[in-house]
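Chemist: Take this structure, written in structure tokens, and hold onto it; I'll ask about it next.
The values are calculated or read from the model by the stated rules, or taken from the named source; none is laboratory data. It should be emphasised that the depicted structure is a prediction, and the values quoted were computed from it without experimental measurement. Backbone-built Cβ (ideal geometry, glycine too); neighbour counts: all protein chains shown.
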Amino acid sequence: MAHHKAALKSIRQDQRRTERNRYFKTSMRTSVKQIRNLLAENKVDEAKEQLPQTFSTIDKCVTKKILHKNTAARYKSRLTTAIAEHQPEAKPAKTVKTGKPKTTRTAKPKAPKVDKPTEE
């Protein structure tokens, strides 16, 4: 057991932080599980409605440094792909290119070097 005041204080702080982090992490996991369960029951529309709220909780965990940003991105990506897989397939719309056509760049010809006149 710690004997110094500073060590005792850091133990108290760690306990508070652990409790807070656990709350946010479990709430994030719960919301992710809810979406997965909805998808398992083929309730795609309800899962879509709950997606922004889940993204918000994931982002909160990132800002509080409970999750790494890449981990959060992976969670979000997998959820969106899972929802996309459960949707009925629609034919992809044809993309229409608009705007100027791309031009290739050519190297500009270099100007010839001019010798400086020498004074004699």
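Chemist: Filter segment 4-21 down to residues that are among the hydroxyl-bearing types (Ser, Thr, Tyr) and over 18 Å from Cys61 (Cα atoms), then give me how many there are.
Modeler: 1
Chemist: Quick check on this structure: which one of Ile58, Ile66 is outside any helix (DSSP H, G or I), among the β-branched types (Val, Ile, Thr) and surrounded by 15 or more Cβ atoms within 10 Å (Cβ to Cβ)?
Modeler: When all the criteria are applied, what remains is Ile66.
Residue-wise test of (1) touching a helix residue (DSSP H, G or I) at 6+ places or on another chain (Cβ under 8 Å); (2) at pLDDT 95 or above.
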position: Thr30; (1), (2): no, yes
position: Gln34; (1), (2): yes, yes
position: Ile58; (1), (2): yes, yes
position: Ile83; (1), (2): yes, no
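Chemist: Can you confirm whether segment 65-75 contains a residue that is of a type in the set (S, T, N, Q) and modelled with pLDDT under 95?
Modeler: Initial filter on segment 65-75 (of a type in the set (S, T, N, Q)): 70-71.
Among the residues that remain, those that are also modelled with pLDDT under 95 are: none.
No, segment 65-75 contains no residue that is of a type in the set (S, T, N, Q) and modelled with pLDDT under 95.
Chemist: Scan segment 24-32 and tell me whether some residue there is of a type outside the set (S, T, N, Q), over 30 Å from Glu85 (Cα atoms) and either within 22 Å of the chain's Cα centre (by Cα) or surrounded by 11 or more Cβ atoms within 10 Å (Cβ to Cβ) (or both).
Modeler: No, that holds for no residue.
Chemist: Here are some conditions: (1) within 21 Å of Glu49 (Cβ to Cβ); (2) among the hydrophobic types (A, V, I, L, M, F, W, C); (3) modelled with pLDDT under 90. Leu79 meets all but one. Which one does it not meet?
Modeler: (3)
Chemist: With the condition kept exactly as written, say whether any residue in segment 105-113 is modelled with pLDDT of 75 or more, on the phi < 0 side of the Ramachandran plot, hydroxyl-bearing (Ser, Thr, Tyr) and not in a helix (DSSP H, G or I).
Modeler: Yes.
Chemist: For segment 40-64, enumerate the residues that are free of Cβ contacts under 8 Å to residues at least 24 places away in the same chain and more than 19 Å from Gln87 (Cβ to Cβ).
Modeler: If the condition is that a residue be free of Cβ contacts under 8 Å to residues at least 24 places away in the same chain and more than 19 Å from Gln87 (Cβ to Cβ), then Gln53, Ser56, Asp59, Val62, Thr63 are the ones that fit.
Table: residues versus (1) over 23 Å from Lys65 (Cα atoms); (2) acidic (Asp, Glu).
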| site | (1), (2) |
| --- | --- |
| Ala6 | yes, no |
| Ile11 | no, no |
| Asp45 | yes, yes |
| Lys48 | yes, no |
